[in-house]
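Peer 1: The structure follows.
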Amino acid sequence: PPRSTQSRSSAASDVYKRQLQTHGGTLDVEEKKNFSYLENVKTLWERKVYTFTMLGISSLYFVITGIQFWISDYIQVELGVQKEKVYVAFSLTSITAPTFGVIFGGSVVSKLGGYESPNALKLCLVFAILAMVFAIPFPFLDIFPVVIFFLWMLLFFGGALMPPLTGIMISSIPKQLRAIGSSTAQLFQNLLGYVPAPTVYGMVLKTYDSHRSGMTLLMWWSILGVLLIGLALFYQQNLLKQAGGENTNEQLNQPLSRNCTSLMPTDHAEEGVLGIVANHLRRNTLPWDFQLVDMQPTEDNEGQELQRLKQNSFSHGSDEGSKQKLPYRYRGSS
């Protein structure tokens with residue numbers, strides 16, 4: 001096919017994938033307004049990628065908060081290390097490991113195409129598994145340098161996991177729900193991560209009279225985080241399969257046109273993505289998560305299609321203002 005057709009195919013693929021990720025397989029075109037808080041929260045929970053990434057981050061905070069609160073006492077009591085050595089080693093570890101992890105994770109995700117890339121969540125799952133690998137044997141280690149090394153690697157991969165996973169969580173919901181989505185995520189991260197971790201560890205310590213039992217529960221909690229991120233990836237891959245993956249423009253346009261049929265006037269219905277856009281503009285209705293950019297014809301056939309739309313798309317308008325409107329094409333919002 002010509003280059004212009006390939007470019008429109010890529011644009012349609014990006015558009016359709018993003019709509020599937022955002023709306024769970026449907027193309028919503030009416031912006032929902034005046035929703036109550038509970039209705040908005042219900043809408044958020046229906047987005048499985050958002051839900052499971054948010055719960056995965058909460059489980060990560062549970063592990064990290066418990067480590068910050070109890071690791072010094074654990075090493076002193078269970079390993080018999082002097083507190084001065086413990087404070088210095090843990091201070092250096094808690095400063096360097098997450099910092100380098102954030103830098104490493106962000107750079108790797110950027111090379112993959114950013115956190116909106118389909119491979120970003122796969123990378124997050126890899127980071128989570130690596131963190132779990134160093135967390136599970138941690139309670140059974142008795143050599144102080146080895147304990148510090150495993151702790152450093154755990155915090156490193158936890159830090160590498162956070163930026164892309166947070167970006168995936170927020171970008172998986174519509175723009176008008178992202179503010180409430182962020183606040184809801186903070187609420188659950190506090191309720192399920194920051195607040196219970198020190199208390200649960202203390203309850204286990206009191207029940208079994210052993211720091212090692214509390215640390216076992218704390219570190220093995222990372223298994224739950226891996227499962228939650230895996231579920232998020234599972235639902236994301238299902239949405240991408242519904243979108244047709246990297247299939248042809250015809251395969252992507254067929255369901256896209258079908259979902260937009262109600263918006264198209266019955267008289268002048270152009271074919272393809274550009275025709276759908278023109279009909280949206282006639283009705284002054286735009287789907288969520290789209291931005292409009294001027295169409296700049298880069299090749300002859302695109303220029304011909306632009307001229308055709310200029311002549312036909314708005315010729316039925318009664319006011320002069322509508323005739324001056326230029327056609328646009330969609331590009332997925334960044």
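Peer 1: How big is the equivalent ellipsoid of segment 108-147 along its three axes, where each semi-axis is √(5λ) from the Cα gyration tensor, reported in whole Å from largest to smallest?
Peer 2: 31, 10, 4
Peer 1: Hey, another quick one. Enter the accessible area per residue of segment 52-171 (Å², integer; probe 1.4 Å; all protein chains in place).
Peer 2: Averaged over the residues of segment 52-171, the accessible area is 43 Å².
Peer 1: Taking the radius of gyration and the Kirkwood hydrodynamic radius from Cα positions alone, what is the Rg/Rh ratio for segment 49-177, to two decimal places?
Peer 2: 1.04
Peer 1: How much net charge surrounds Q76 when only other residues with a Cβ under 12 Å from its Cβ are counted (Lys, Arg +1; Asp, Glu -1)?
Peer 2: -1
Peer 1: With 31 Å as the limit, write out which pairs from K42/K241; K122/K175; K83/K111; K111/K241; K175/K241; K83/K206 have Cα-Cα distances beyond it, or answer none.
Peer 2: K83/K111
Peer 1: Among rounded, prolate and oblate, which fits segment 128-177 when a ≥ b ≥ c are the square roots of the eigenvalues of its C-alpha gyration tensor, a/c under 1.5 means rounded, and a/b larger than b/c means prolate?
Peer 2: Here segment 128-177 falls in the prolate category.
Peer 1: Hey, another quick one. By per-residue mean of other Cβ atoms within 10 Å, what is the highest-first order of 138-146, 198-206?
Peer 2: 198-206, 138-146
Peer 1: Still on this structure, I have one more. Output the peptides 44-52, 94-102, 61-69 sorted from most to least packed, where packing is the average of other Cβ atoms within 10 Å over each peptide's residues.
Peer 2: 61-69, 44-52, 94-102
The values are calculated or read from the model by the stated rules, or taken from the named source; none is laboratory data. What you see is a predicted model; the values in this text were computed from it and never measured. So basically every Cβ, Gly included, is an ideal-geometry build from the backbone, and we count neighbours across all protein chains shown. What goes into the accessible areas is simple: the full protein's heavy atoms, side chains included, and nothing from ligands, DNA or RNA. Shrake-Rupley method; radii C 1.70, N 1.55, O 1.52, S 1.80 Å.
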